[in-house]
Amino acid sequence: THRKSRHHRTRRPNLFYLIELPEKPSGYVHRSTATDWQAWIRKCLPAGLDQEVQRRLISNLKHVLVGLEMKAALIVPHAKQGTLLFESYFHMLNFEFCVGMFSICEGLGSALWLRENALDGSNADRISIEQWKSSLEKKFDPEAKLGLGADVDSVKSVRDKLDQDRLGARENINWHAFSYDNAFTPAARAMRSLLSTNAGDAPKETNLTAE
């Protein structure tokens, strides 16, 4: 068999790291953790939710938020520099960012709607987007200056494009709908709109506030 040269065996590919390594000073430093998000989430929730409902909601959302940070750490450098990711993976990351962003909006909006209607969530009430979206806007974009409602609609549109519940009616997926401009940009803007409320309680090092 052909024996590889010593040089070939030790050569390392030029990888893109999510976490900064000592020999990679330009890498992405992931500083915030799920725990760091608890204060901001708690501050955004209304008083009066069932204690267990609130505990689970905070736990769920804090992990989604850290996941969004990790996705943004790959999406933004690829969009600005290119060649870091396979293109299909890039599109799927944009899609996944929208899925996570919709979950954040739905969780916060539903909690707000529950308390507006004297409910605490303990009855597992089903809340539609038509109900919680207006509650979310009243809290995070009360003067309708940030365009939060339109961005939520865009995020939902992207999230829904991979539904496979009617295969016979499924058209070819338009992957351009998962592009940086069409998918990530409105989702990231929606996140910044949310973070403009109680901004002092958000993790100081998060990359989700970056333009």
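Within the stretch 55-69, the set of residues being touching a residue at least 40 places away in the same chain (Cβ under 8 Å) and either open to solvent by 40 Å² or more (accessible area, probe 1.4 Å) or of a type in the set (A, V, I, L, M) (or both) comprises Leu57, Asn60, Leu61, Val64, Leu65, Leu68.
Reported count of residues in the stretch 97-145, each being under 21 Å from the mean Cα position of the chain (by Cα), over 21 Å from Met191 (Cβ atoms) and of a type in the set (Gly, Ala, Ser), is 1.
Applying the condition of being among the acidic types (Asp, Glu) and part of a helix (DSSP H, G or I) to the stretch 84-128 and asking which residue is surrounded by the fewest Cβ atoms within 10 Å (Cβ to Cβ) yields Glu87. Applying the criterion of at least 3 residues that are open to solvent by 30 Å² or more (accessible area, probe 1.4 Å) and more than 19 Å from Gly100 (Cβ to Cβ) to the helices (runs of 4 or more DSSP H) found wholly in the stretch 129-211 leaves 129-140. Taking first residues from the stretch 197-211 that are within 9 Å of Ala39 (Cβ to Cβ) and partners that are among the polar types (S, T, N, Q) and open to solvent by 30 Å² or more (accessible area, probe 1.4 Å), the Cβ contacts under 8 Å between residues at least 6 apart in sequence or on separate chains come to Ala202/Thr209.
Yes or no: Glu52 within 10 Å of the chain's Cα centre (by Cα) and surrounded by fewer than 22 Cβ atoms within 10 Å (Cβ to Cβ)? No; evaluated as a whole, the condition is false for this residue.
The values are calculated or read from the model by the stated rules, or taken from the named source; none is laboratory data. As the structure is a computational prediction, the values presented were derived from the model and not from experiment. Here Cβ is always computed from backbone atoms with ideal geometry, including for glycine, and neighbour counts include all displayed protein chains. Just so you know, the surface numbers come from the protein's heavy atoms only, side chains and all, with ligands and any DNA or RNA stripped out. Shrake-Rupley method; radii C 1.70, N 1.55, O 1.52, S 1.80 Å.
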